[in-house]
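First up is the structure itself, then whatever we jot down about it.
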Amino acid sequence: MTEPTTATATAATGATATAVPAAGAADGPGEWQATHIYYAANPRPLLLDCVRPLVASLEADGLLADYFFINYWLEGPHLRLRIRPARPGAADEVRERTEAAVARFLAERPALYQVDSGFLNEFYNKLFEIEFSTVAREQYTDDEGRMNLQPNNSYRAVPYAPEYGKYGGPAGIDLAEWHFRRSSDLVIDALATKNLHLRTVLLGTSSQLMTVMAATFLPDREAVADYMEDYYHFWHRAFPDTGFIGSTEYDRRFTDVAPQLDAWYTRVRAAVTEADAAGPGTPTAGLPAFLAGWADHCRELRDRVVGLAREGKLVFRAPHEESEQVVTDPRDALVRLLSPYLHMTNNRLHVTIQDEAYLSHMLARTLTEYPALRAAAAGADGTEAGTA
C-alpha cells in the first residue's frame, strides 16, 4: 500500500519539516513514539495479535494517550505504529513494552516472503518520483538507484514528524491524530469481525466507508460525483503510462456494481441528512451499526473541520512550497482534507491504490449515470429496476 504526496500521513514528502511540539505540563501526554515494523506479509496478524493487545494493555494500565497506524512501502513493506504515552514519565515504559511486543510477535510469526530489490521496481520508482525530490531519494537508494531495503521481520524507532502542511497546521494535526485513532480502531475491529481477506468483502467495505465520509463532508449527489471523478483522475495522472490505474477494465464492471452502489449512497445520504437535521450529537439511524458509528464519527469530524476553518486555525502548505495558506472557507477545508482522510482509511484497510481508483471511478459513474439508466429501465418494463 502506498501513500502518495497528496494523501499521506508521513513526513517523508517534506511538505513541512516542523518538529513535533514538545509535551506541555508533566501531567499531560508525552511525545509521540513511532516504530516502523518491516513485515512483508498481510498486516492482519500483526494488527490483531500484536498491536491490538499492546494498545489494550497500555490503555488498561493508564499508559496510553493515543495511537494510530498506517501501512507504507518505503524501504520495504512495513507498518508504521505511532503511540503517544499518557504522560512524559511513561515514555520509557511505553517504548520498552512496544518493542517487547513487536519482537515477540516477529519471533513467533515471522513474514515468510522476502522482498528483493527488484520487487515492484517500476512502481517504487514512480512513487519515488511523485513523493521525493532527486536529492531526497538519494538517502533511500543504493549506488545503482535501487531502493534500499530494511531487513524483513525487523523494527526500528524513528522520529515522528507529522505533515503539518497537508493537514492544516498544528490544529489540523491534532484533529487528524484524533481521527486516525478512530480510523485505526475501526479497521482493527473490521479485521477481527469481517472476512476482509475476501476481495469482494474488502472492496465492499471500502466503498461503504468512502460513501459515508464523502456524503457527510459534501452536500449532495452532484458534489460527491464530481469529487470522486476528480479523485480518480488524480490517481490516473499520478501514474501515467504505467498501466497501474486503468479505466476501460473498470467500465466492464459498471452494470454489475452500480445498482448496489446507488442504493447504498441513497441510504447513506438519507441517514446523514436526517441525523444532521435533528442536530449535533444525534445518532445516525437507518444504517448497520458498523456504518452508523462511522457516520457519527464523520459528522463530528466534519463539524470540527468547519469550526477550525471559521476560526482561521487551518494553515496549509503545498509540497515543496514555502508559502502557507490560511483556509477559512469551510467547503474548501472539507474538500482539502477529504482526500487524505479517505486515503488513509483505505491505507489501513490495505486497499491498493488501483482498487481505490477503481472504487472512486465506479462511485462517480454510478452517481452521475445510474439514476437515468434506472429510470429508463423502469419505463421500458413498467417496473422500478435496479433497487437491489
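I'd like the carbon and sulfur percentage of the solvent accessible area for the stretch 164-372, probe radius 1.4 Å, heavy atoms only, ligands and nucleic acids excluded.
52 percent
Between the stretch 166-226 and the stretch 330-352, what's the alpha-carbon centroid distance in Å?
First find each Cα centre; the distance between them is then 7 Å.
What are the ³J(HN,Hα) values, in whole Hz, obtained from phi via the Karplus relation 6.51 cos²θ - 1.76 cosθ + 1.60 with θ = phi - 60°, for each residue of the stretch 71-86 in sequence order, with x given for Gly and Pro?
Listing the rounded values in order: 9, 8, 10, 4, 6, x, x, 7, 10, 9, 9, 10, 10, 10, x, 5 Hz.
For the stretch 289-377, give the magnitude of the charge dipole about the Cα centre (Cβ charges: +1 Lys/Arg, -1 Asp/Glu; no others), in debye to the nearest 20.
My answer is approximately 260 debye.
Students often check this: by mean Cβ neighbours within 10 Å, which of 180-188, 226-234 ranks highest, and how do the rest follow?
Ranked from most to least packed, the peptides come out as 180-188, 226-234.
Got a sec to turn the phi values of the stretch 282-290 into Karplus ³J(HN,Hα) couplings, 6.51 cos²θ - 1.76 cosθ + 1.60 with θ = phi - 60°, whole Hz, x for Gly and Pro?
Couplings: 6, x, 6, 10, x, 10, x, 3, 4 Hz.
Give the accessible area for ASP189 in Å² (nearest 10); use a 1.4 Å probe, count only protein heavy atoms, and leave out ligands, DNA and RNA.
My reading of the accessible area for ASP189 is about 90 Å².
For the stretch 164-372, with only Lys/Arg (+1) and Asp/Glu (-1) charged at the beta-carbon, what is the dipole magnitude about the Cα centre, in debye rounded to 20?
420 debye
Ranking request for peptides 298-309, 150-161: highest mean number of other beta-carbon atoms within 10 Å first, then the rest in descending order.
Ranked from most to least packed, the peptides come out as 298-309, 150-161.
Label-point separation (nm) for ARG199 and ALA372, each offset 7 Å from Cα along Cα-to-Cβ?
3.1 nm
Heavy atoms only, probe 1.4 angstrom, no DNA, RNA or ligands counted: give me ASP92, ASP143, ASP332 ranked by accessible area, highest first.
Final ranking, largest accessible area leading: ASP143, ASP92, ASP332.
Taking the Cα centre of the stretch 164-372 as the origin and placing charges on Cβ (Lys, Arg +1; Asp, Glu -1), which of PRO219, HIS361, THR205 is farthest toward the positive end of the dipole?
Farthest towards the positive end: THR205.
Show me the ranking of peptides 196-209, 164-177, 62-75 by mean Cβ neighbours inside 10 Å, starting with the highest.
164-177, 62-75, 196-209
The values are calculated or read from the model by the stated rules, or taken from the named source; none is laboratory data. The structure displayed is predicted, hence computed values, not measured ones. Positions of Cβ are generated from backbone atoms using ideal geometry, with glycine treated the same way; all protein chains shown enter the neighbour counts. Surface accessibility is based on the protein's heavy atoms, side chains included, excluding ligands, DNA and RNA. Shrake-Rupley method; radii C 1.70, N 1.55, O 1.52, S 1.80 Å.
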